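Trainee: Take a look at this one; I'll ask things after.
The values are calculated or read from the model by the stated rules, or taken from the named source; none is laboratory data. Everything numeric here is computed off the predicted structure, so don't read it as measured data. All Cβ positions, even for glycine, are placed from backbone atoms using ideal geometry, and neighbour counts span all protein chains on display. Surface accessibility is based on the protein's heavy atoms, side chains included, excluding ligands, DNA and RNA. Shrake-Rupley method; radii C 1.70, N 1.55, O 1.52, S 1.80 Å.
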Amino acid sequence: MKNHTLVKVSIILVMIVLFISCEKTNDPKYNPPADHTISQGGYMHKSGLTQPLVNCVSCHGSDLKGGTTGVSCFECHGTKW
Ligand code: HEC
Ligand code: HEC
């Protein structure tokens with residue numbers, strides 16, 4: 001019985017470690033403002049992300065190639081918009 005408990009505890013520990021290491025690989029690449037609350041694949045997007053030409057151009061540039069933020073949408077998305 002004790003061995004079974006040990007095995008279960010070990011499995012849970014391994015799962016926790018795996019979970020934490022996955023979280024770490026999702027660390028944001030940049031330092032987005034707090035209003036970037038929508039996580040997409042671990043990267044924080046601002047709300048209204050489906051209409052970037054309306055909601056994101058003021059900072060990410062009218063061409064979405066970075067603007068004042070230096071973060072281009074296309075470095076992760078290809079030329080989608
Ligand atoms: C008020 C200015 C501003 C607006 C508007 C804005 N952003 Fe950003 N965004 C930033 C800044 C500043 C950064 C971080 C730049 C850096 O760290 O070098 C950033 C970073 C990001 C990142 C990288 C986040 C990460 O975790 O690495 C994403 C993705 C992003 N923005 C998406 C969006 C989307 C989508 C919109 C529109 C819906 C948007 N942003 C609108 C200023 C803005
Ligand atoms: C550092 C990488 C990165 C940057 C920069 C980035 N995104 Fe994303 N974005 C992702 C990832 C990863 C996903 C989730 C996987 C996917 O759907 O491609 C995602 C998903 C999305 C989605 C929802 C899924 C889809 O494809 O419709 C939208 C909309 C979006 N991003 C818009 C933007 C806009 C607009 C910008 C620039 C302001 C931006 N992203 C910048 C990484 C990024």
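Trainee: Just checking, does segment 35-45 include any residue being among the acidic types (D, E) and modelled with pLDDT of 95 or more? Let's see the steps before the verdict.
Mentor: Here is the first cut: in segment 35-45, the ones among the acidic types (D, E) are 35.
From what's left, modelled with pLDDT of 95 or more: 35.
Scanning segment 35-45, I find at least one residue that is among the acidic types (D, E) and modelled with pLDDT of 95 or more, so the answer is yes.
Trainee: Quick one: what pairs do we get from segment 17-35, first residue among the acidic types (D, E), second at pLDDT below 55, C-beta under 6 Å, 6+ apart or different chains?
Mentor: none
Trainee: Which residue pairs have Cβ atoms under 6 Å apart, sit 6 or more places apart or on different chains, and have a first residue in segment 38-64 that is on the phi > 0 side of the Ramachandran plot and in a loop (DSSP other than H, G, I, E, B) and a second that is aromatic (F, W, Y) and open to solvent by 60 Å² or more (accessible area, probe 1.4 Å)?
Mentor: Hits for this filter: L64/W81.
Trainee: Please state which of the following conditions Y43 fails to meet, knowing it meets all the rest: (1) within 17 Å of the chain's Cα centre (by Cα); (2) near ligand 2 (Cβ under 8 Å from one of its atoms); (3) surrounded by 11 or more Cβ atoms within 10 Å (Cβ to Cβ); (4) more than 18 Å from K29 (Cβ to Cβ).
Mentor: It is condition (4) that Y43 fails.
Trainee: If I ask for residues that are of a type in the set (G, A, S), open to solvent by less than 90 Å² (accessible area, probe 1.4 Å) and more than 8 Å from ligand 1 (Cβ to nearest atom), which ones from segment 46-66 would you list?
Mentor: Passing the criteria: G61, G66.
Trainee: Then there's this: For residues that are open to solvent by 100 Å² or more (accessible area, probe 1.4 Å) and assigned to a loop (DSSP other than H, G, I, E, B), scanning just segment 1-34, find the one that is modelled with the lowest pLDDT.
Mentor: M1
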